[in-house]
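The values are calculated or read from the model by the stated rules, or taken from the named source; none is laboratory data. Because the structure is predicted, anything quoted here is derived from the model rather than measured. Side chains included, ligands, DNA and RNA excluded: accessible areas come from the protein's heavy atoms. Shrake-Rupley method; radii C 1.70, N 1.55, O 1.52, S 1.80 Å.
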Amino acid sequence: DSVDRGAADPRPTNAVDDAPSTLAANHLDDHIAPRRRSAAGETLAAGDTIKPGQAQANQFGDYELLELLGRGGMGVVYKARQTKLNRLVALKTILAGTLASPDDVRRFHTEAEAAASLDHVGITPVYEVGEESGQHYYSMAYIEGQSLAAKVAAGPLPPKEAAELMQRVALAIAHAHSKGVVHRDLKPANTLLDRNGEPKVTDFGLAKTLTGDSELTETGQVLGAPSFVSPEQAAGRRDEIGPRSDVYALGAI
């Protein structure tokens, strides 16, 4: 579940993409225009700030919710302040809340654990995974900048700049592969660019680990964004999906 604000919106992005399967706590397509009600009943759209006094809508455990960044098929992502450490974070919660099914919870924790197992400058770090009043969540670094999708909306980058940027993204994904994690949903919307233009891969909502039983999808189910999925993903050949599938997506990007 990842969020892409689009070229017209230069604000920070940590979002959620409404891909067929997931969130990704960092981006939201404008045409989706997801809306969510606060505890006080007000309707919130992506980008709306949460005002103090909205009937506790702005407090979630140790986190003060500041802005709704977006939502996707599985998760909702907020800009928040972690009170005890006084730092800005992107906070992702399960869309279904306390009504989430056991499979929803397992998928959510698979995503959080996959991202948390990675330590690389090119991957958005996860800070905390937890549960608050039956609501599962995890927090990650808040990236102030824009997505690669927003950056290239007006046209492709100059070849040298594109190659240098993608080299850094490829190194981040190589690190993930070395730790046994396949992203499976790489696309421009899931690559954030910080204030210095450095890429940060995010949205591990479709991640698969190469060891253990982490697969919660059925054979034949197509995962990922159609423009960037490999042939084996497009055909739903689950057993064939692996590191090369991410390499294909990097080439498409």
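The table for this structure:
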{"item": "Accessible surface of the range 74-159 [probe 1.4 Å, protein heavy atoms]: carbon and sulfur percent", "result": "51"}
{"item": "Value of relative contact order over the range 70-217, rounded to a whole percent, pairs C-alpha under 8 Å and six or more apart", "result": "24"}
{"item": "Per residue accessible area of the range 104-253, 1.4 Å probe, in Å²", "result": "45"}
{"item": "The range 157-164 - phi-based ³J(HN,Hα) in whole Hz, Karplus 6.51/-1.76/1.60, Gly and Pro as x", "result": "6, x, x, 5, 5, 4, 5, 5"}
{"item": "Those lysines that a straight Cα-Cα span of less than 22 Å connects to Lys200, excepting residues fewer than 8 apart in one chain", "result": "Lys79, Lys92, Lys151, Lys160, Lys179, Lys187, Lys208"}
{"item": "Values of log10 I(q)/I(0), in the order q = 0.11 Å⁻¹, for the range 144-209 under a Debye, Cα-only, solvent-free model", "result": "-0.26"}
{"item": "For the range 56-127, fraction of C-alpha pairs farther apart than 13 Å, in %", "result": "70"}
{"item": "Convex hull of the range 98-253 built on C-alpha atoms - directionally averaged projected area, nm²", "result": "9.7"}
